[in-house]
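Visitor: The structure follows.
Every number in this text was worked out from the coordinates using simple rules, so none of it is lab data. If you're wondering where the values come from, they're calculated on a predicted model, not measured in any experiment. Every residue, glycine as well, gets a Cβ built from its backbone with ideal geometry; the counts of neighbours run over all protein chains shown.
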Amino acid sequence: MKWMPRVIGAILLSFSALAMARPATSEPVEIAISCGAVGVELQLCGDAVRAWEAASGHRVRIVSTPNSSTERLALYQQVLAAGASDIDVLQIDVIWPGILAPHLVDLAPHVGDAAGQHFPNLIENDRIDGKLLALPWWTDAGVLYYRRDLLEKHGLAPPATWQEMTEVARAIQRAEREAGNRDLWGFVFQGRAYEGLTCNILEWIDSHGGGNFVGDDGKVTIDNAAARSALALAASWIGDIAPRGVLNYDEEAARGVFQSGNAVFMRNWPYAWALAQGADSPVRGKVGVLALPRGTGEGGKTTGTLGGWHLAVSRYSRHPSEAASLVAFLTSRAQQKIRAIRGAYNPTIPALYEDPEVLAANPFFGQLFDSFQNAVARPSSVTGVHYNRVSSAIWRAGHEILSGNAAADARLAALAVELNRIGRRGRW
Amino acid sequence: MMALARALAFRLLVAVLLVYLLFPFYYAVLTSMKGGSAIFSVDYWPRQIDFSNYARIFSEQPFALNILNSVLVAFAVVALSLLLGLTAAFSLGRIRFRGRSALLFAVLAVSMFPQVAVLSGMFELVRAFGLFNSLLSLVFSYMIFTLPFTIWVLTSFMRELPREIEEAAIMDGAGPWTLIVRIFLPLLWPAMVTTGLLAFIVAWNEFLFALTFILSNEQRTVPVAIALITGGSEFELPWGGIMAASVTVTLPLIALVLVFQRRLVAGLTAGAVKG
Amino acid sequence: MAAAAHDSLTRARVRTAWLFLAPMLFVLAIVALWPLARTLLLSLTDASLGAAGTARFVGFENYLVKDDGAWYGLLADPLWWLALRNTLTFAFVSVAAEVVLGTLIALILNARFRFRGLMRAAVLVPWAIPTVVSAKMWAWMLHDQFGIVNDLLLRLGLIGAPLAWLADADLALWSVIAVDVWKTTPFVALLVLAALQMLPEDCYEAARVDGIHPAKVFFFVTLPLIRPALIVAVIFRFLDAMRVFDLVYVMTGNADATLTLSVHARQMLVDFQDAGSGSAASVLLFVVIALLSVLCLLAMRGEVLGRRQ
C-alpha cells in the first residue's frame, strides 16, 4: 500500500531535482498564490501582487480557485496530500489552520513582529501548538440587519436581546400581515445543514453566555443551561417568526428574502450591507445594522461568529521565505487599507477602523468594529484536524432541534457525548 | 373526428413535454439578463434585454478559451471511447468465448465507485504520468466514466444485429476489421451517435476532476470556469453571470444535436433497408 | 475434418476477440486499477489526509468493530443506514420514473411530426446544463419565498400557502428526485430512441395492416425488441442514481432528510479528511451496487451477460 505513493514520489522527485538544478541564490523565483476566483477579488490580488513583484524582484503566478470554500478545501487537500509545490501561498478560511496544520509553515521566523498589529483573537486563531501558521487578510463577523423603516413605523426600538428581537419581529409581522403584507416574515438566518448553521448556533449560545462548544482546554462545554435555553428559543422561531424554508437557507437565500423586503430582521455577514443599500435594492435606505442581540439572563453578551480569510504558506513550497514575505506584504497595513477602500474588505488591523479614508469609503465600518473585536472563534484551533467533524455534529444536532425532531435538552446531552467521543474526552 | 382528436392530443402532449423540458432553460435565459436585486423577484417575461452579463463572462476570464478546451477534451474523449468501445463491442457482442460475462461485469464494476473515492488515486496517476495541468489528464481520466458505458451500449446493440449479414461478409473473405467498418458501423450509426453524444456531455459537464487536475485558467474547462465566476464579495452569488455562462455553453451542444440530426435519420433508413 | 476446420476457425475468432479487446482492457486497466485498488486498501487502514505516512493497518475496523461491548464502524452507524435508505428510495423511484417518461419521449421523437428536430434538441437541454448549475438553479426555483415554482402553484390555486420544498423533511427527498428525473430522463430517452431507430420497420407495417391497437403493438412488438437497450439504460441510470452526489449536495447540503451514500462518503473523505472511513464507505457503496446489479442481471436470466437467444 505505502510503496506506491513512494514510487510516485520518487519519480516526481527526480523531476523536481531537474527543476531545482539551477543555483538557489537570490535569483528571482516564481511564487504561486491562490487568491480569489475572478472579478474584483482577483483584480485586487493581482494589483497587490504586481506591487510586490516590483519591490522584491520575484515573480508571482496567480492560481484562481473557486469561491465555494468546500471546493477550495477539497482542492487544497489533494494538492497538499500529494506534497505538491504547485501552490506556495494559500488563501485559507479562518477555520482551516487547525485542519491544514501538518501542511503549513511556521511564519513566525519569517515575518518578525507583523502579527502584533492584528486583532489578538485572529492571531490566537492562527497559532497552533505555538506555531504561527497564517496571517489574517480580512475578517468577518455575524451581524444583525433590521428594517429601520418598519421599526419606526410601529414605534419600536431596535432590540438589544434575542427575547426583544423575537417580540418585535412577531409584533411587526402580525401588524403588517393584517395590513396586507402577506409575505412578510420576522427573522431570517442560515438554517441549512452546513457550516453556516454552526456559525449561527455559536452566536445564539455564546450570546447567552454558553461558551463556544469546546473550551480552550479541550473540555466539551456544549451541554449547559444557557445553550439549552438559547436553542429552545431558536427552535421556537421556526414557523412563528421565521419561515420553515429557513431550514435550507444559506447566506444568499436569506439575503434574497430580506432584500426583497420580506423580512424584518436578518442575521448575515457584513457583505450584505452594500448590496442591501445598492441602487436597485427595494430596501435601499431602509436598513440598519446592529451587533447581534444579547441573550437574556446572566452572562448575556453581544457576540458574532468570526469569519474571514487568512494567508498561509505551504510546507512543500520550494521558496518558503519568499512566500512568507509575500504573505507579510499582502497582510500589511498599507495593503489592507487599499483593499478596504477599493473592495470593502474588512481589515484585520484595529488601527484601520479609525483611518479617515477607510471610514469615508465604508461609513458603517465604525459600527462593525465592536462586532469584530468581540467576535467569537469557532473551536477550530483546539479541535485541530477534527474541527469539521465537530462542526458537522453540531449543525446536525441544531438542524434536528430547529426542525422540531428533537428537544434541545436531550439532543444537547447526546451531542456532548458525541463530541467527547470525537475528541477522546478532551485530548483531541 | 377521432383522428383529429388524436392529433390534437398528440400536439398537446408534445407541448406539455416541451414546456417541462425547456422551462428551466427559459428561466436561465431570463435570469441571465438580470442583475442586482432583480434576481430575487419572480418574472415570467424578460423585463429588459440586457447582454452585459454575457459580455462580462468573456472579459473577466478566458471563457472562449475554456469553451475551446472543453470542446477539445470532449471530442477526444468521444473519439477514443467510441473507437475502443466499438472494437471491444465487436468481441463482446459477436464472438462467444470463455470469460465474456465476467469481463462485461468487471467493466461495469468500474462504474460502481463514487467519483470522490477515485479522485485521490487518479490524482496520483495523473501526477505520476506527468499529465498534471494538461488537458490530456482529463481525456485520460474521463475514460473511467465513458468507457464502461460505451462498451455496454455498443455491445448490446451489436448483439441484436442479425447473424446473416455477418456470415455473408465472411463468405466473401472479409477480415474482422473490414467487418466492423464496412458491415457493423453503418448499421450501428444511431447507437454510435447516441453514445457519442452522451459521452460528449459527460466530458463536457465533468467538474471534480477538471477542478483538481488543472490549475491554470488558460487550461481550464467550462464547468470549472463557471464555478470561478464570483460576485463582489465572498458570499454573493453572481447569479446573472452564472446563468449567462450556462446558457452560452448549452448552445454549442444544441448546435451539435442539430448537426447530428442527419446522422440519426440516416441511421434510421439504413436500419430499415438492411434489417 | 470439417469439425477440425470449424475448431480452428473458432480458435481464430477467439484470438481475434482478445486482440480487439486488448486496447480497451489496456486503457481501462491503467485508468481504473490503481484508483480502485487504492480505495480498497485504504479502507483497511486509519489513513488521514492530514497526516500522510502514518497510516496503520486496522483490518475491518472502519466497517465494523466491537470495542468495550459497543459496536463501532460504519455498519453500526445509524447515519449510514439512513443514507442507505435514502439512496435506495432515490435510485428506485427516480429510475422508474425516468424509464417511463424516457420511453414516452422516445416514442414521440420516433414519430414523424413537424417539430421533431426542435423536440430532439430540446430533449437534450436538461442533460446538457452542467449539474452544478442546474441543481443550483432548481434550488433557486424551489425557494419557498421567491421561488418561481411556489409562485406558479399559488397562481394556479394548486397550493394555499408556499411550501418549503427543500427544507421540509417530508418534501426534500421527493423534490430532489423530481429534479433528477427532469435532468436525466433525456439519457434514457436518447438510448431508447436509438433502439427504436434500429428496429426493422416491417413489423410495424404488418401490425398496421392488421389494424392492431397501437398500445398493443407497443407492448407486444416494440417493447420486447427494445428491451436490451432499455436494460442497459436502466443499469447505467441505476449505477448513477446510487452514486448521486452533486445534485443532492448542491440542493440540500448534508441534511439528514436527503443524505445519500455518496454525500456521506464525501463528507468523511473531504470534510473529515478521514481517508480510511471514507474509503470504507465508498467500498460499502460499491458492494451494495454490485450486489443489486448481480441480482438484477440474474433476474434478466443472462439476457445481457449471457448468450443471445
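Visitor: On the principal axes of its Cα set, how long, how wide and how thick is the stretch B:123-275? Give whole Å, largest value first.
Guide: Taking the Cα atoms of the stretch B:123-275, the three principal extents are 70, 38, 21 Å.
Visitor: What helices does chain C have that are whole DSSP H segments, at least 30 Å long along their own axis by Cα, and with mean Kyte-Doolittle hydropathy of -1.0 or more?
Guide: On the way: long enough: C:2-28 (39 Å, 0.84); C:78-110 (47 Å, 1.49); C:169-197 (43 Å, 1.44); C:275-299 (35 Å, 2.33).
Long hydrophobic helices here: C:2-28, C:78-110, C:169-197, C:275-299.
Visitor: While we're here: Given the DSSP H assignment, sum -39500 (n - 2.57) over each helix run of at least 4 residues in chain B and divide by its residue total; what's the result at 222 nm in deg cm²/dmol, nearest 500? Don't skip to the answer; put the middle values down first.
Guide: Working: 11 runs with 201 residues, N = 275.
That comes out to -25000 deg cm²/dmol.
Visitor: Rounded to the nearest 10 degrees, what's the angle between the helix B:115-128 long axis and the longest principal axis of chain B, both from Cα atoms, 0 to 90?
Guide: 80
Visitor: Please list, ordered by chain and number, the residues whose modelled amide H lies under 5 Å from the amide H of A:ASN268; skip anything fewer than 5 residues away on the same chain.
Guide: Correct list: A:VAL143, A:TYR145.
Visitor: Next question, about the same structure. May I ask you to derive the relative contact order of the stretch B:62-274, considering only C-alpha pairs under 8 Å and at least 6 residues apart, and to give it as an integer percent?
Guide: Relative CO of the stretch B:62-274 lands at 33 percent.
Visitor: Toward the positive end of the charge dipole of chain A, about the Cα centre and with charges on Cβ (Lys, Arg +1; Asp, Glu -1), which of A:VAL382, A:ALA407, A:ASN346 goes farthest?
Guide: Projecting each Cα onto the dipole axis, the largest value belongs to A:ALA407.
Visitor: Give the distance, in whole Å, between the Cα centre of the stretch C:33-87 and the Cα centre of the stretch B:43-83.
Guide: Rounded to whole Å, the Cα centres lie 40 Å apart.
Visitor: List the equivalent ellipsoid semi-axes of chain C in whole Å, largest first, each obtained as the square root of 5λ for an eigenvalue λ of the Cα gyration tensor.
Guide: 39, 34, 17
Visitor: Charges only on Cβ, +1 for Lys and Arg, -1 for Asp and Glu: so what's the dipole of chain B about the Cα centre, in debye to the nearest 20?
Guide: Values: 17 positive and 13 negative charges, 163 e Å.
Roughly 780 debye for chain B.
Visitor: B:LEU8 to A:ARG333: FRET efficiency via 1/(1 + (r/R0)^6), r the Cβ-Cβ distance, R0 60 Å, to the nearest 0.05? Walk me through the intermediate numbers first.
Guide: Numbers: r = 74 Å, r/R0 = 1.24.
With a Förster radius of 60 Å, E is 0.20.
Visitor: In the stretch B:1-65, with Lys and Arg counted as +1 and Asp and Glu as -1 at Cβ, which of these residues, B:LEU18, B:TYR44, B:PHE58, has the Cα nearest the positive end of the dipole, that is, farthest along it?
Guide: It is B:LEU18.
Visitor: Can you bin the stretch C:1-130 into rounded, prolate or oblate? Criterion: square roots of the alpha carbon gyration tensor eigenvalues sorted a ≥ b ≥ c, rounded for a/c under 1.5, prolate for a/b above b/c, oblate for the rest. Before the final figure, lay out the partial values.
Guide: Details: a/c = 2.47, a/b = 1.24, b/c = 1.98.
Since a/c reaches 1.5 but b/c is at least a/b, the shape of the stretch C:1-130 is classed as oblate.
Visitor: If you stretched the chain out fully between C:ALA290 and C:ARG114, how much longer would it get, using 0.36 nm times the residue separation minus the C-alpha to C-alpha distance? Write down the numbers at each step before the final one.
Guide: Values: separation 176, 0.36 × 176 = 63.36 nm, distance 4.40 nm.
Separation in residues times 0.36 nm, less the Cα-Cα distance, equals 59.0 nm.
Visitor: Return the FRET efficiency for the residue pair C:VAL209, B:ALA169: r is the Cβ-Cβ distance, R0 is 35 Å, and the value is rounded to the nearest 0.05.
Guide: Numbers: r = 32 Å, r/R0 = 0.93.
After rounding, the FRET efficiency stands at 0.60.
Visitor: Hey, another quick one. Output the relative contact order of the stretch B:51-176, whole-number percent, from Cα pairs under 8 angstrom with separation of 6+ residues.
Guide: On the way: 60 pairs, mean separation 53.3, N = 126.
Worked out over the stretch B:51-176, it gives 42 percent.
Visitor: Compute a Gaussian network model of chain A, connecting alpha carbons closer than 10 Å, and tell me which residue from A:GLY83, A:GLY98, A:GLY210 fluctuates the most.
Guide: Taking springs between Cα atoms under 10 Å, the residue moving most is A:GLY83.
Visitor: Further question on the same structure: Show me, bin by bin at 20 Å from 0, the whole-percent P(r) of the protein assembly as shown based on Cα pairs.
Guide: 12, 43, 34, 10, 1, 0
Visitor: Quick check: pseudo-label points 7 Å beyond the Cα along Cα→Cβ at A:ASP280 and B:ALA15, how many nm apart are they?
Guide: 3.3
Visitor: May I pose another question? Given R₀ = 22 Å, what would the calculated FRET efficiency be for A:ALA225 paired with A:ARG170, taking r from the Cβ atoms and rounding to 0.05?
Guide: Details: r = 25 Å, r/R0 = 1.11.
Calculated value: 0.35.
Visitor: Is any residue of the stretch A:387-428 close enough, with backbone N under 12 Å, to a label point placed 7 angstrom from the Cα of C:ASP67 along the Cα-Cβ axis, and if so, which?
Guide: The answer is A:421-425.
Visitor: Just flag the chymotrypsin sites (Phe, Trp or Tyr not before Pro) in the stretch B:82-184 sitting in loop per DSSP whose Cβ has no more than 15 other Cβ atoms within 10 Å. Write out the running numbers ahead of the final one.
Guide: Details: sites: B:PHE90, B:PHE97, B:PHE105, B:PHE123, B:PHE129, B:PHE132, B:PHE140, B:TYR142, B:PHE145, B:PHE149, B:TRP152, B:PHE157, B:TRP177, B:PHE184; in loops: B:PHE97, B:PHE129, B:PHE132.
In loop regions of the stretch B:82-184 (DSSP not H, G, I, E or B), the sparsely surrounded chymotrypsin sites (Phe, Trp or Tyr not before Pro) are B:PHE129.
Visitor: Gain in length, A:SER69 to A:ASP47, computed as 0.36 nm per residue apart minus the alpha-carbon separation, to one decimal in nm? It would help to have the intermediate numbers written out before the result.
Guide: Numbers: separation 22, 0.36 × 22 = 7.92 nm, distance 2.31 nm.
In short, 5.6 nm is gained.
Visitor: Excluding residues fewer than 8 places away in the same chain, name every one of the lysines whose C-alpha is closer than 27 Å to that of A:LYS301.
Guide: Cα-Cα hits under 27 Å: A:LYS219, A:LYS286.
Visitor: Over the whole of B:198-209, what's the average partner chain Cβ count within 10 Å per residue? Rounded to a whole number, please.
Guide: On the way: counts 8, 0, 1, 8, 2, 0, 3, 9, 2, 7, 8, 0.
Per residue, the number of nearby Cβ atoms from other chains is 4 on average.
Visitor: Post the alpha-carbon centroid distance, the stretch B:114-174 to the stretch A:185-248, in whole angstrom.
Guide: Value for the Cα centre distance between the two parts: 50 Å.
Visitor: Quick check: Cα centre of the stretch A:93-141 to Cα centre of the stretch C:194-264, how many Å?
Guide: 54
Visitor: Treating the Cα atoms of the stretch A:316-428 as identical point scatterers in vacuum, please give the log10 of the normalised Debye intensity I(q)/I(0) at q = 0.10, 0.11 Å⁻¹, two decimals.
Guide: Ignoring solvent entirely, the Cα scatterers give -0.57, -0.66.
Visitor: Among B:PHE209, B:GLY130, B:MET192, whose Cα projects farthest towards the positive end of the dipole of the protein assembly as shown, with charges put on the beta-carbon of Lys, Arg (+1) and Asp, Glu (-1)?
Guide: The residue sitting farthest along the positive end of the dipole is B:MET192.
Visitor: I want to verify a result. In a Gaussian network model of chain C, Cα cutoff 10 Å, which of these has the top mean-square fluctuation: C:HIS264, C:HIS143, C:HIS213?
Guide: Between C:HIS264, C:HIS143, C:HIS213, it is C:HIS213 that shows the largest mean-square fluctuation.
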